[in-house]
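Trainee: Okay, handing you the structure first.
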Amino acid sequence: CSAQDTCSSDSCPEPVKMSVNERTFIAVKPDGVHRGLVGKIIARFEERGYKLVALKQLTASKGHLEVHYQDLKEKPFFPGLIDYMASGPIVAMVWQGLDVVKQGRVMLGATNPLASAPGTIRGDFAIQTGRNICHGSDSVDSANREIAHWFKPDEINDYASPFINSWVYE
Ligand code: ADP
C-alpha cells in the first residue's frame, strides 16, 4: 500500500485499518442542546468526512458524570461541573475516522473558549470555560473508556460507508 496513513482497503494490514477506524466520544453538553447547536456540531463532523456510528440524547445522572470526570474530582470546579452537566439533556455521539481523537479536539478548540481560535466550535459559539458546549475525548485511551461508559456495544453501529471510503480517503 502506498498511502498507508489513509488507506481504507479491507486488504490493508491491521494497524492501517485501525487508524481509519479510530473512534472518539463527542458530546453536546446541556448548554449546547438548550442553545440549539446540536445540528451545527454534527454538521461540522459530517462535513469534515467523519462517520457517525452512535448517537443518543440522555440526561446523565450525577453518578455517571462523576465517573466520566473522575480525573477532575479534586478540582475546585468539580461540583459545579457535575451540576451543570446533569442540569439537562446531553447529546452523546461516537465519531469514527482517521485521527478523529486528535482532530476532534482541534475542531472543538481549547477548554477555555476565549483561548479558542475562530473556526473552532468553542471559538465560534462559546465564551466561558464553564459553559463550553461540547466535550471530546483527549486521547485514544480516554476515548475507549468514555465510549464504553456512555454506550452499550449494541448501540454502536458498524456499517460500511463506500462513499466515505472512496471519496474521503485515497
Ligand atoms: P476539556 O473538556 O477541554 O477536555 P478538562 O478535561 O480540563 O477540559 O475539563 C473538563 C470540563 O470541566 C471543561 O470542558 C469545562 O466544562 C470544565 N472546566 C474545566 N476547567 C474549568 C474551570 N476552571 N472552571 C469551570 N469549569 C471548568
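The values are calculated or read from the model by the stated rules, or taken from the named source; none is laboratory data. Worth saying up front: this structure is predicted, and the values here are computed from it rather than measured. Virtual Cβ from ideal backbone geometry, glycine too; neighbours counted across all protein chains shown. To get the accessible areas, we keep the full protein, side chains included, count just its heavy atoms, and leave off ligands, DNA and RNA. Shrake-Rupley method; radii C 1.70, N 1.55, O 1.52, S 1.80 Å.
Trainee: For a quick check of your reading of the model, give me the residue pairs whose first member lies in the stretch 20-31 and is at pLDDT 95 or above, whose second is of a type in the set (Gly, Ala, Ser) and open to solvent by 10 Å² or more (accessible area, probe 1.4 Å), with beta-carbon atoms closer than 7 Å and at least 6 apart or on different chains.
Mentor: Close Cβ pairs satisfying both conditions: Pro30/Ser87.
Trainee: Sort out which residues of the stretch 157-170 are closer than 20 Å to Leu55 by Cβ and outside any loop (DSSP other than H, G, I, E, B), and write them in order of number.
Mentor: Phe163, Ile164
Trainee: Of the residues Ala126, Ala110, which single one is of a type in the set (Gly, Ala, Ser) and crowded, with 19+ Cβ neighbours inside 10 Å?
Mentor: Ala126
Trainee: Please go through the stretch 134-156 and give me each residue that is among the acidic types (Asp, Glu), part of a helix (DSSP H, G or I) and surrounded by 15 or more Cβ atoms within 10 Å (Cβ to Cβ), ordered by number.
Mentor: The answer is Glu146, and nothing else.
Trainee: Condition (residue is more than 11 Å from the ligand (Cβ to nearest atom), under 19 Å from Ile133 (Cβ atoms) and assigned to a loop (DSSP other than H, G, I, E, B)) applied to the stretch 63-84: is it met by at least one residue?
Mentor: For the stretch 63-84, residues more than 11 Å from the ligand (Cβ to nearest atom), under 19 Å from Ile133 (Cβ atoms) and assigned to a loop (DSSP other than H, G, I, E, B): absent.
Trainee: What pairs come out if I take residues in the stretch 159-170 that are in contact (Cβ under 8 Å) with a residue 40 or more places away in the chain and pair them with residues that are polar (S, T, N, Q) whose C-beta lies under 6 Å away, six or more apart or interchain?
Mentor: Asn165/Ser8; Tyr169/Thr6; Tyr169/Ser8; Glu170/Thr6
Trainee: Which of the residues that make up the stretch 107-133 are within 15 Å of the ligand (Cβ to nearest atom) and part of a helix (DSSP H, G or I)?
Mentor: Answer for the stretch 107-133, where residues must be within 15 Å of the ligand (Cβ to nearest atom) and part of a helix (DSSP H, G or I): Met107, Leu108, Pro113, Leu114, Ala115, Ile121, Arg122, Gly123, Phe125, Thr129, Gly130, Arg131.
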